[in-house]
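Structure first, commentary second.
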Amino acid sequence: MKRTIRAFGRWGRGIPWPIILSLALSGSLFGQTAAPGAPPLELTMDRAVELALQNNLGIQSGQIDTKIKKRKVDTAWNVFIPTVDVGGTISHLNQVQSSTITIPGLGTLSLGSSYYWGLSGSVTAALNLNVALFEGIRNLTLDYEAGLVTYDKAKAQLERDIRKSYLQLLLIKKNIKLMEDNLANANRRTAMAQANYKAALVPELSVLQAQVAAENLKPAIADLRNAWESALAALAMNLGLPSGTSLQLDDVSPPDFIPLDTAKLISEAAQNKPELQELRRSILLLQSNRKLVYENTYTPTLSLAYTMDPTFQRDVWKDSWFDGNNWAQRSGMFRLTLGFRLNGLLPVSKEALGLTEMDDNLQKLNIGLSQAIRGTEVDVYTQVLKLEKSQKSMEAQRLNVDLAQRAYQLTEEAYKAGLKDLLEVQNAELEFQKAKLEVIKEQFNYMTGLIDLEYTIGVPFGTLSRSK
């Protein structure tokens, strides 16, 4: 009977935690508690995914990032708006300066003294034009598209993890049901042993063995139930539900076996796998950055500038500021300047070496993309093999369940007739329960394998299971 406990307890306690704990990045409503006595929240797998995407803090942060980048794209034309600076100055001279002129034969004549106070203004408008401005606009668009790919990848990863965790919780639930059935059978055998003992058909030892076997199952069932409750609480937290929310999970029917075209799946994965799409976007963005740096370095810049500096020519505190005759322009102008930086022409300059480094990084990214595509091909091939193995194993194990069930029934009937001892019945039941557990495990392995494959080939979850 200890073998029975280990066989069921190992799966009940060990399977879900790596995936459930990996959802710690999911946002939760800390500080909120479910109302006491609230009815359980009925939850389907799709509803769980919806709640996770709605309340996940990482997803919310990604939404803000994409919104920021979208706003930059929509206003990218603002690089053609001139920079305009406006200023005004009131000044006070520390010493009055007089203007004089010397005329031969007449001596020195005074032209008047400057005022202590002065008033002046300034307006400057400037615009720098370069071919790189157009690539800068394209660069913002590429950055936004890359951000969308990253955002979609994060949502797909979260949905994949939620779906797999949901299935693992259902596996615990079915494991508990098997253990409870096993306990019910053990209690029934205890009653049979007591009846046979009273009829003097078996010794008292058989009754004690049956009672010990039933009692030994109770701690394992309690452990599984604790694991179930803890896993449900963790799922509720990761879905952003208030603490203490009771969940009722709807069951998921195993899909029919799906014929898989490995070559077609590999081709789809090489194009659509989220990580590969993200890497391709990174390459496009780096290529745009390189072109932007190149055009900034090796193309001239046309600078347009217009300045005005009106200066008040009268007494600041006595004369009208709004009389145009009291103002005069000193050095205002319109200026066109064409400039070209020569540093980039030197191969050892900072600008030239920066472009060379970008070329090296592009080469590394392309190599990394090739490696990632090859790795994806291996992943798809391996996942398809696992799915086919699960399919074949399930077909064989279902036959084994029928055989084990028949053997258990015959052994129990012989035990009732006093022809078999309790140990033989327990062994037969153990084999029967193990066979049912293996079928359930393979069903969940097949469903989680489909989820992994759908993520790898970059299709919406459920596409393969609904394709037949």
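Couple of notes before you dig in:
- One residue stands out in segment 62-93 among those that are assigned to a helix (DSSP H, G or I) and among the polar types (S, T, N, Q): the one that is surrounded by the most Cβ atoms within 10 Å (Cβ to Cβ), namely Thr66.
- Any hit, segment 26-33, residues being of a type in the set (A, V, I, L, M, F, W, C) and modelled with pLDDT under 50: yes
- Restricted to segment 305-332, and to residues there that are among the hydrophobic types (A, V, I, L, M, F, W, C) and at pLDDT 90 or above, the residue that is farthest from the chain's Cα centre (by Cα) is Met308.
- Tallying residues that are crowded, with 18+ Cβ neighbours inside 10 Å and assigned to a helix (DSSP H, G or I) within segment 184-203 yields 7.
Residue by residue, here is whether (1) among the aromatic types (Phe, Trp, Tyr); (2) out of contact with any Gly (no Cβ under 8 Å at 6 or more places or on another chain); (3) at pLDDT 90 or above holds:
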| residue | (1), (2), (3) |
| --- | --- |
| Asp65 | no, no, yes |
| Ile68 | no, yes, yes |
| Asp74 | no, yes, yes |
| Val79 | no, no, yes |
| Val96 | no, yes, no |
| Thr102 | no, yes, no |
| Asn130 | no, yes, yes |
| Glu135 | no, yes, yes |
| Tyr151 | yes, no, yes |
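- Scope segment 195-214; condition of a type outside the set (Ser, Thr, Tyr), in contact with a helix residue (DSSP H, G or I) (Cβ under 6 Å, 6 or more places away or on another chain) and closer than 16 Å to Glu412 by Cβ; matching residues: Val202, Gln209, Ala210, Ala213, Ala214
- Scanning segment 130-144 for residues that are more than 11 Å from Lys291 (Cα to Cα) and not in a helix (DSSP H, G or I) yields a total of 1.
- In segment 389-436, residue surrounded by the fewest Cβ atoms within 10 Å (Cβ to Cβ) [restricted to those that are farther than 30 Å from Pro259 by Cβ and small (Gly, Ala, Ser)]: Ala417
The values are calculated or read from the model by the stated rules, or taken from the named source; none is laboratory data. Note that the structure is a prediction, hence the values are computed from the model and not measured. Note that we place each Cβ from the backbone using ideal geometry, even for glycine, and neighbour counts take in every protein chain shown.
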